Amino acid sequence: MLATVALAQLMVVLDATIVNIAMPSAQRALGFTDNDRQWIVTAYSLAFGSLLLLGGRLSDLFGRRRMFLIGLVGFAVASALGGAARTFELLVAARALQGAFGAVLAPSALSVLTTTFFDPKERARAFGVFGAIAGMGGAIGLLLGGYLTENVSWRWNLYVNVLIAVIAVVAGLVLLPRTGGTAKHRLDIIGVALGSAGLFALVFGFSQAEPKGWDAPLTWAPLAASVLLLGAFAWRQRTAANPALPLEVILDRDRGASFLSILVAGSGMFGVFLFLTYYLQATLHFTPMRTGLAFLPMVVAIIVTSQVQSNVLLPRFGAKALVPLGMMLGAVAMAWFTTLGATSSYWQVLPGLVVMGAGMASIMPASFQLATLGVDQRLAGAASAMVSTSQQVGGAIGTALLNTLAATAASHYATAHGPVSPGVLGAATLHSFTTAYTWSAGIFLLGAVLSAMLFRSRAAREIRVAERVALGAEPVLAH
């Protein structure tokens, strides 16, 4: 069953990067413009980010197995439509449909783990695998996307999801327990509408920051609207009879710290996947396939470290020690990347990748596990949706912020070192990468401070669990 859920999680996570590798080939085949190509990514992230809360609540109301299978089938159909698309408009529509079904699939997959693995050792192992996939999925997307684009066709970057989904659906039908939901409770339509609209405005605003600029109405107006909508959503959750996101899910100290850690890690990670990909291809002249292979040591570091952390170190030292440590490792890796230059070799890139892999493996499994630990089973979907929302919003913030900072740094460098020449432009590009890495290091350092302050110690958490049991709360997930 763990393998089934892991396959579904991998399909959702790798889709965030696998299509990026295919985009130049898709652009040549379908003939869309540079200004239009952002919508291949944005359509997916908008639908995915804005519908996560709805997807999580549907999982609670109508059953996790049912929504898991619906999400898998829908994601596969949308992927097939995108792979077969003959026009730009159909490709964008398929990507949006992928995002919509991904918003159903991601929280239901995590909530299946949350409500299935009760034994502390089994739970640690399950969340170690799940967190590792969340950390390495982007790198796998680059590797697989590079191979498929170079050796088969850009369309197979979408078709591959169909193959994964078929395996996961068959396994899910056989292995997943038939548990019902709580459909007798009504869905808070107003709350869902406010939350989805607020998240849509938030993700859209950040997605427009890089192409339009922070001072553009298409950037600041949606961001301002998101503040108002999400504020109204929070007020609604306090008064609704059946809230879409019960506030108890996010007000618990450990869960809040977990959501924040996932958001920070998602923001900082784009310093690796985005700018290091450009560095390898534009400066070191790697092919897409070779670029994907270059990230393989980070994938291996995540796999190995996540199992050690989840099964050995996390039970002994707790998230209060491991998550800040992971943040510090992320900061060290980013600082290392600032030393890369035009004449650097891959062997100078490698240490930073390994350290980053160890850092992400220290952050993600622990944060994923505590984000859903102790939550009532009837709210597992809502808590799982917040995990995916944190990851999605973090990625949107990281992309917008780091892209803007890098573009500004490149422009200022070129102006200060004019006249413009290929040498100056190359140096400006490297300076922009260094700026992005530096800010990413700062993001991770901030995450280290916040996570160290917010996570409870193991002793404090045990007291909290005992109090919940004494008050009659569901103890089954409070290991």
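The values are calculated or read from the model by the stated rules, or taken from the named source; none is laboratory data. None of the values given here were measured: they were computed from a predicted structure. No Cβ is skipped: glycine too gets one built from the backbone with ideal geometry, and neighbour counts run over all protein chains shown. Heavy atoms of the whole protein, side chains included, go into the accessibility calculation; ligands, DNA and RNA do not. Shrake-Rupley method; radii C 1.70, N 1.55, O 1.52, S 1.80 Å.
Data for the structure
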quantity	calculated
Rg/Rh for the chain, where both radii come from Cα atoms and Rh is the Kirkwood radius	0.96
Accessible area of segment 170-321 divided out per residue, in Å², using a probe of 1.4 angstrom	48
Solvent-accessible area, 1.4 Å probe, carbon plus sulfur percent, for the chain	69
Among 324-332, 152-160, 259-267, the order from most to least packed when residues are scored by Cβ within 10 Å on average	259-267, 324-332, 152-160
Share of Cα-Cα pairs in segment 56-117 lying beyond 12 Å, as whole percent	64
Under 15 Å, Cβ to Cβ, from Ile70 - net charge with Lys/Arg +1 and Asp/Glu -1	+4
q = 0.12, 0.17 Å⁻¹: log10 I(q)/I(0) that the Debye formula gives for segment 4-159, counting C-alpha atoms only	-0.51, -0.95
Segment 349-414 - accessible surface per residue (Å², probe 1.4 Å)	21
Helical mean residue ellipticity (222 nm; -39500 (n - 2.57) per DSSP H run of 4+; nearest 500) of the chain	-27500 deg cm²/dmol
Net charge of Cβ neighbours under 13 Å - reference Leu97; Lys, Arg +1; Asp, Glu -1	-1
Point-charge dipole on Cβ atoms (K/R +1, D/E -1) for the chain, about Cα centre, debye to 20	860
Summed residue charge, Cβ within 14 Å of Val5's Cβ, Lys/Arg positive, Asp/Glu negative	+3
Tilt relative to the chain, helix 64-83 - C-alpha long axis, 0 to 90 degrees, to 10	20
Highest-first arrangement of 49-61, 76-88, 341-353, 103-115, where packing means the average Cβ count within 10 Å	103-115, 49-61, 76-88, 341-353
For segment 1-70: accessible area per residue (Å², 1.4 Å)	33
